[in-house]
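The values are calculated or read from the model by the stated rules, or taken from the named source; none is laboratory data. Predicted, not measured: the structure shown is a model, and the values here were computed from it. Neighbour counts run over all protein chains shown; Cβ positions are idealised from the backbone, glycine included. Quick note on the areas: whole protein, heavy atoms, side chains included, nothing else; ligands and nucleic acids left out. Shrake-Rupley method; radii C 1.70, N 1.55, O 1.52, S 1.80 Å.
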Amino acid sequence: MAMKGSRGYRSGLVDLQAGEISREIFVNEDIYAEEQERIFARAWLHVGHESQIPKPGDYFVSSMGEESVILCRDRASRIHVFLNSCRHRGMKVCRYDEGTAAVFTCPYHGWSFGTDGRLVGVPYFREAYHSRLDKEKWGLIEVAQLANYKGSIWATWDPAAPSFTEYLGGFTRYLDLQLDGWDGREAQAEVLCGVQKWLVPCNWKFPAENFSGDTYHNISHRSVDLAGIGPSGAGRRDMGERDVSRKLHVCIPDRGHQTILYVLPAERLPPPAYMNAPIVAEYFRHCEEEKRRRRGEEARLVGAPGEIFPNTALLSRQPRTMAGWHPRGPHQTECWRWYFVDRDAPGEVKQFLRDYYIRYSGPAGMTEQDDMENWNYAHAASRGTIARRHPYNYDQGSGTAVTDYEYQGLSVPGEVIDLTEVQSSEQPMRNFYRRWAEFMEAGDWSQLATWRGSERKAAE
Amino acid sequence: MTGPINVRELAPGTSIVLVDGSRAEIVDNPGDGVWLFARYLSSPRDPTLIGQEGMIFAQDVAALGEPTTT
């Protein structure tokens, strides 16, 4: 493997001092294999949303890294996440995308598992196993930790990982923008229709870094902006808030989470954004007023694309969507996209948003197609022997982030770069790859929870 | 000789005969073609099973209805 050895990930392949990152981390098969162990087996990963499994017995087959997992609700309505693999010979015990089941039965030899994971059915248990098989020991493999954060379900295989909220750190503020209601009530989101899934021939980190906050590639979407696919029918989807707000890059150091964020001026509501649909526009006007009443100054925050390390993207404003970038080998990513609405939104609003969301995002979305083309060709052009010798440049805006950002009385913690004048920075990507390198080097969570030392010192 | 029984089509309330001669009544069918939930009506092998519910493996279902006497 090229560039392996004493130089290490941080000082070699990921050199943030020089603003350079080796192409090897995107195309090298050994590094990819190491990612599965060091990142996807240890990080918190997004699995789904509780609105996808409302009743006992409901399940949704999801993915954690390369692993197929079952998100399900047992008879007592408790939520579980299990490895989708029979304990006898490994066959998938569930081969549907979603549904309702009393048991998950392996079609190979017939071992059967309850929705609580227990092994309940073993063919010829009495005759072939002489009633001696310890069924309690051979249930489905369950994740080490599961968190239900405002309806979104997250899990990790690592029992030593910190709690999910500690893992998020200050990024809860931005995940809340995704999951709380448009009118400021807590945890109002539900998944709209199904989940879109498609394959892109690129490494999973291409979409992950793009959604970390790449504002530099907007030229790629110029044709979409010219076509005016936004919900008001003209210009960019976010032109209203962009033109009146401070536009920021916000990074949570030590966590690897980052986002674009708009901060409205004091006393200012977001500009109207659904001018082609008066009923929808009126609904959102009402919601924005309610949000300001409930949340006060916090309602000045308007969400934009962001990324929770390692592979979950957020977009809380519009289209309101979350995405997962599931690794399927170093050269392929399976993209999943969930769309959200407030569960008690009028049907007409949901229908309008459904049409707009899929026009914008997903495999047939005009904007996402632009992105896919970039990732596809960038990856392919980085695989060759010569190409691998030359690193990518991540120097944009180095050394310009501040840690005490405030705008008209509203504080924004984290490493922040105000993009309003400079347009773009690569601080989010540097934050993402700094964390990536830490995961690739750290032995365990005692080394990965880098913030605990500084919090201890502050307490002393 | 009859062919294998398609257990996916068996509705709750159906009476079945097992290969060990037990009789049972289906209480639920998960529809996976592998298992049935049934209550034992009789069991020559283990009379304590009578009245209990258990999971019946499809391969153990010998016939429908009353056991054939020979």
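Might you check whether a residue that is surrounded by fewer than 20 Cβ atoms within 10 Å (Cβ to Cβ) and part of a strand (DSSP E or B) occurs anywhere in the range A:63-78? Taking every residue of the range A:63-78 in turn, at least one turns out to be surrounded by fewer than 20 Cβ atoms within 10 Å (Cβ to Cβ) and part of a strand (DSSP E or B).
The residue pairs whose first member lies in the range A:314-334 and is closer than 17 Å to A:ALA33 by Cα, whose second member is β-branched (Val, Ile, Thr) and assigned to a strand (DSSP E or B), and whose beta carbons are closer than 7 Å, counting only pairs six or more residues apart or on different chains, are A:TRP325/A:THR333; A:HIS326/A:THR333; A:PRO327/A:THR333; A:THR333/A:VAL200. Tell me yes or no: at least one residue of the range A:71-87 is on the phi > 0 side of the Ramachandran plot and in contact with a helix residue (DSSP H, G or I) (Cβ under 7 Å, 6 or more places away or on another chain). The answer is no, given that none of the residues of the range A:71-87 is on the phi > 0 side of the Ramachandran plot and in contact with a helix residue (DSSP H, G or I) (Cβ under 7 Å, 6 or more places away or on another chain). Within the range A:136-168, the set of residues being of a type in the set (Phe, Trp, Tyr) and farther than 16 Å from A:MET322 by Cβ comprises A:TRP138, A:TRP157, A:TYR167.
Looking for whichever is modelled with pLDDT of 95 or more and closer than 18 Å to B:PRO30 by Cα here; the options are A:GLY90, A:GLY99. Which one fits? Write out each step before concluding.
Numbers: A:GLY90 fails: closer than 18 Å to B:PRO30 by Cα.
Every option except A:GLY99 fails the conditions.
Would you point out which residue out of A:PRO253, A:PRO272 is open to solvent by 30 Å² or more (accessible area, probe 1.4 Å), out of contact with any strand residue (DSSP E or B) (no Cβ under 8 Å at 6 or more places or on another chain) and within 27 Å of A:GLN408 (Cα to Cα)? Full working, then the answer.
Values: A:PRO253 fails: out of contact with any strand residue (DSSP E or B) (no Cβ under 8 Å at 6 or more places or on another chain).
Going through A:PRO253, A:PRO272 in turn, just one is open to solvent by 30 Å² or more (accessible area, probe 1.4 Å), out of contact with any strand residue (DSSP E or B) (no Cβ under 8 Å at 6 or more places or on another chain) and within 27 Å of A:GLN408 (Cα to Cα): A:PRO272.
Checked against (1) surrounded by 14 or more Cβ atoms within 10 Å (Cβ to Cβ); (2) assigned to a loop (DSSP other than H, G, I, E, B), A:ARG337 passes all but a single condition, namely (2). If you go through the range A:153-203 and pick out every residue that is in a loop (DSSP other than H, G, I, E, B), within 22 Å of A:TYR339 (Cβ to Cβ) and either open to solvent by 40 Å² or more (accessible area, probe 1.4 Å) or not aromatic (Phe, Trp, Tyr) (or both), you end up with 12.
Residues of the range A:107-150 being open to solvent by 50 Å² or more (accessible area, probe 1.4 Å), at the interface with chain B (Cβ under 10 Å from one of its Cβ atoms) and touching a strand residue (DSSP E or B) at 6+ places or on another chain (Cβ under 8 Å), which ones? A:TYR124 - this is the single residue of the range A:107-150 that is open to solvent by 50 Å² or more (accessible area, probe 1.4 Å), at the interface with chain B (Cβ under 10 Å from one of its Cβ atoms) and touching a strand residue (DSSP E or B) at 6+ places or on another chain (Cβ under 8 Å). The set of residues from the range A:204-228 being at pLDDT 95 or above, of a type outside the set (D, E, K, R) and assigned to a helix (DSSP H, G or I) comprises A:PHE206, A:PRO207, A:ALA208, A:ASN210, A:PHE211.
Scanning the range B:19-40 for residues that are within 12 Å of chain A (Cβ to nearest Cβ), over 19 Å from A:VAL103 (Cβ atoms) and either outside any loop (DSSP other than H, G, I, E, B) or of a type in the set (Asp, Glu) (or both) gives a single hit, B:ASP20. Residues of the range A:48-60 being touching a Gly at 6+ places or on another chain (Cβ under 9 Å), closer than 23 Å to A:ALA313 by Cβ and either within 14 Å of another protein chain (Cβ to nearest Cβ) or in a strand (DSSP E or B) (or both), which ones? A:HIS49, A:PHE60 - these are the residues of the range A:48-60 that are touching a Gly at 6+ places or on another chain (Cβ under 9 Å), closer than 23 Å to A:ALA313 by Cβ and either within 14 Å of another protein chain (Cβ to nearest Cβ) or in a strand (DSSP E or B) (or both). Reported count of residues in the range A:81-106, each being surrounded by fewer than 20 Cβ atoms within 10 Å (Cβ to Cβ), away from chain B (no Cβ under 12 Å) and not in a loop (DSSP other than H, G, I, E, B), is 1. Restricting A:THR367, A:THR403 to those that are at negative phi and modelled with pLDDT of 95 or more reduces the list to A:THR403.
When you scan the range B:34-46, do you find a residue that is open to solvent by 50 Å² or more (accessible area, probe 1.4 Å) and polar (S, T, N, Q), even just one?
no
Taking the numbered list (1) surrounded by 13 or more Cβ atoms within 10 Å (Cβ to Cβ); (2) part of a loop (DSSP other than H, G, I, E, B) in turn, B:GLN59 passes all entries but (2). Of all residues in the range A:356-372, those satisfying the criterion of being within 11 Å of A:TRP198 (Cβ to Cβ), in contact (Cβ under 8 Å) with a residue 12 or more places away in the chain and open to solvent by 10 Å² or more (accessible area, probe 1.4 Å) are A:PRO363, A:MET372. Within the range A:10-46, the set of residues being touching a Pro at 6+ places or on another chain (Cβ under 8 Å), open to solvent by 30 Å² or more (accessible area, probe 1.4 Å) and either part of a strand (DSSP E or B) or within 30 Å of A:GLN178 (Cβ to Cβ) (or both) comprises A:ASP15, A:GLU20, A:GLN36.
Of the candidates B:ALA11, B:ALA24, the single residue that is in contact (Cβ under 8 Å) with a residue 12 or more places away in the chain, open to solvent by less than 30 Å² (accessible area, probe 1.4 Å) and at negative phi is B:ALA24.
Quick grid of which residues meet (1) closer than 24 Å to A:TYR360 by Cβ; (2) under 19 Å from the mean Cα position of the chain (by Cα); (3) in the same structural domain as A:CYS202 (by TED's automatic domain parsing); (4) modelled with pLDDT under 95:
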{"position": "A:ALA273", "(1), (2), (3), (4)": "yes, no, yes, yes"}
{"position": "A:ASN276", "(1), (2), (3), (4)": "yes, no, yes, yes"}
{"position": "A:GLU290", "(1), (2), (3), (4)": "no, no, yes, no"}
{"position": "A:PRO310", "(1), (2), (3), (4)": "no, yes, yes, no"}
{"position": "A:SER316", "(1), (2), (3), (4)": "yes, yes, yes, yes"}
{"position": "A:ALA323", "(1), (2), (3), (4)": "yes, yes, yes, no"}
{"position": "A:GLY329", "(1), (2), (3), (4)": "no, yes, yes, no"}
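Restricting attention to the range B:41-53 and to residues that are outside any strand (DSSP E or B) and under 27 Å from A:CYS106 (Cα atoms), the residue that is nearest to the other protein chains (Cβ to nearest Cβ) turns out to be B:LEU49. For the range A:204-215, the criterion of being farther than 19 Å from A:VAL416 by Cα and open to solvent by 40 Å² or more (accessible area, probe 1.4 Å) is satisfied by no residue at all.
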